[in-house]
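Here is the structure we will look at.
The values are calculated or read from the model by the stated rules, or taken from the named source; none is laboratory data. Quick caveat, the model's predicted, so the values are computed rather than measured. Cβ placement follows ideal geometry from the backbone for every residue including glycine, while neighbour counts extend to all protein chains displayed.
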Amino acid sequence: MGRTRVLIVDDSPTMRALIRRQLAEDVSIEVVGEAGDPLEAREAIKALNPDVVTLDVEMPNMNGLEFLERLMRLRPTPVIMVSTLTQKGAEATLQAMELGAVDCVGKPVGGSSGEFEQIVEKIRIAASARVRPLGDRAPVSRHEAGGSYVPTAEVVALGASTGGVEALLTVLQSFPAGCPPTVVTQHMPANFTKSFAARLDRVCAPSVEEASDGAPLAAGKIYLAPGGLTHLRVVRSGDKIICRLDTDGPVSGHRPSVDALFASVAKAGPRHAVGAILTGMGRDGAAGLLAMRQQGAKTLGQDEATSIVYGMPKAAADMGAIDQQLPLERIGPAILRAAAR
């Protein structure tokens, strides 16, 4: 296989040089060009046909989001957003991932490279990602039952990584206001999950919040694992199941970890549970989902055709952890049916 061809798009020459220097450490990646604004980027993409584009949000002539939307409609290309680690940067980056950007990486802060060093691995993943034109994406199916929906499941657990912003929006927007208690782990930088929870809360019928230690699970509520610093697990406390945040080291290479969440659901022994593993690179969540299935939970996986990256669902399927694989737009309704049986 040839080298991954990358175009760097950023109005800052310093930032372009930093990205180029970081990518030079991997011989499988070739920087084929740079652009200082979206107009230059448009011409460079036509001339160079890159495999992956790194893209800043704030640029002259046209902002990165407007450019990304046009790109994903007319010439879908894997894009990694290079974002400032601020609330404004997080919100813009989340919009970008809704539009189809594969992933994001934070710019270096105060002389510390931090997670910026992950850009090499994220570009490798993006090069093999399945990027769909904006117009080809299935419309969100909203649940219309209103107050008539009564869940019997004590817990629904969801896990996702690369491509998970779009996937979780699709699944959770199909949930009614009285949805089953739902816990979610999405691999995401620490400053981004609060903004993502707020975004989900605005567009979904149930209440969505970043999980807090000790919060009791309740119908109509969705709890999102805080990014970067803690694992979200659930534990039984008397007659309730509550959220537990802990600072254990990475599990399956991640913190928060989908495996940690799913395994805790299996251990808590809920009366009735449903688990679903969505798009993402690697194997995180496969073993935990198998543990849930072995405890009697209904388990679902996103299919290959609709996954941006099929790694996590495939690993779970290969392990025998999944009852049923479904296209993304059918997973939300399937969860609700299973949670009301």
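Quick notes on this one:
- Residue list for segment 233-244, filter: part of a strand (DSSP E or B) and out of contact with any strand residue (DSSP E or B) (no Cβ under 6 Å at 6 or more places or on another chain): Arg236, Ser237
- Candidate set: segment 316-329, residues that are surrounded by fewer than 22 Cβ atoms within 10 Å (Cβ to Cβ) and free of Cβ contacts under 8 Å to residues at least 60 places away in the same chain; chosen: the one farthest from Arg271 (Cα to Cα): Asp318
- Ala219 fulfils the conditions (1) outside any strand (DSSP E or B); (2) more than 21 Å from Leu326 (Cα to Cα); (3) under 16 Å from the mean Cα position of the chain (by Cα) except for a single criterion, (3).
- Residue count, segment 1-44 (criterion: small (Gly, Ala, Ser) and free of Cβ contacts under 8 Å to residues at least 24 places away in the same chain): 3
- Residues of segment 329-340 include none that is outside any helix (DSSP H, G or I) and at pLDDT 95 or above.
- Failed item in (1) touching a residue at least 40 places away in the same chain (Cβ under 8 Å); (2) aliphatic (A, V, I, L, M); (3) in contact with a strand residue (DSSP E or B) (Cβ under 8 Å, 6 or more places away or on another chain), with Val208 passing the rest: (1)
- Test for Val53: is it buried (at least 22 other Cβ atoms within 10 Å of the Cβ), touching a Leu at 6+ places or on another chain (Cβ under 6 Å) and either assigned by TED's automatic domain parsing to the domain that holds Val309 or of a type in the set (A, V, I, L, M, F, W, C) (or both): yes
Quick grid of which residues meet (1) assigned to a strand (DSSP E or B); (2) modelled with pLDDT of 90 or more; (3) more than 16 Å from the chain's Cα centre (by Cα); (4) at negative phi:
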position: Pro76; (1), (2), (3), (4): no, yes, yes, yes
position: Ile80; (1), (2), (3), (4): yes, yes, no, yes
position: Gly89; (1), (2), (3), (4): no, no, yes, yes
position: Leu94; (1), (2), (3), (4): no, yes, no, yes
position: Arg130; (1), (2), (3), (4): no, yes, no, yes
position: Ser141; (1), (2), (3), (4): no, no, yes, yes
position: Thr152; (1), (2), (3), (4): no, yes, yes, yes
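- All of Ala211, Ala205 fail the test of being at negative phi, in contact with a Cys (Cβ under 8 Å, 6 or more places away or on another chain), crowded, with 24+ Cβ neighbours inside 10 Å and among the small types (Gly, Ala, Ser), apart from Ala211.
- Test result for Ala276, at pLDDT 95 or above, buried (at least 18 other Cβ atoms within 10 Å of the Cβ) and in a helix (DSSP H, G or I): no
- Sub-7 Å Cβ pairs linking a first residue in segment 117-134 that is over 18 Å from Val31 (Cβ atoms) to a second residue that is assigned to a helix (DSSP H, G or I) and among the hydrophobic types (A, V, I, L, M, F, W, C), at least 6 apart or interchain, are Pro133/Met72; Leu134/Met72; Leu134/Leu99, ordered by first then second residue.
- Residue that is farthest from Phe192 (Cα to Cα), among those in segment 221-251 that are surrounded by fewer than 19 Cβ atoms within 10 Å (Cβ to Cβ) and among the hydroxyl-bearing types (Ser, Thr, Tyr): Ser237
- When residues of segment 38-70 are limited to those that are in contact with a Ser or Thr (Cβ under 8 Å, 6 or more places away or on another chain), closer than 14 Å to Leu7 by Cα and not in a helix (DSSP H, G or I), the one modelled with the lowest pLDDT: Asp56
- Test: residue in segment 58-75 that is within 21 Å of Glu121 (Cα to Cα) and either surrounded by 15 or more Cβ atoms within 10 Å (Cβ to Cβ) or without any contact (Cβ under 8 Å) to a residue 40 or more places away in the chain (or both): no
- Breaking point among (1) farther than 20 Å from Ala315 by Cβ; (2) outside any helix (DSSP H, G or I), for Leu158: (1)
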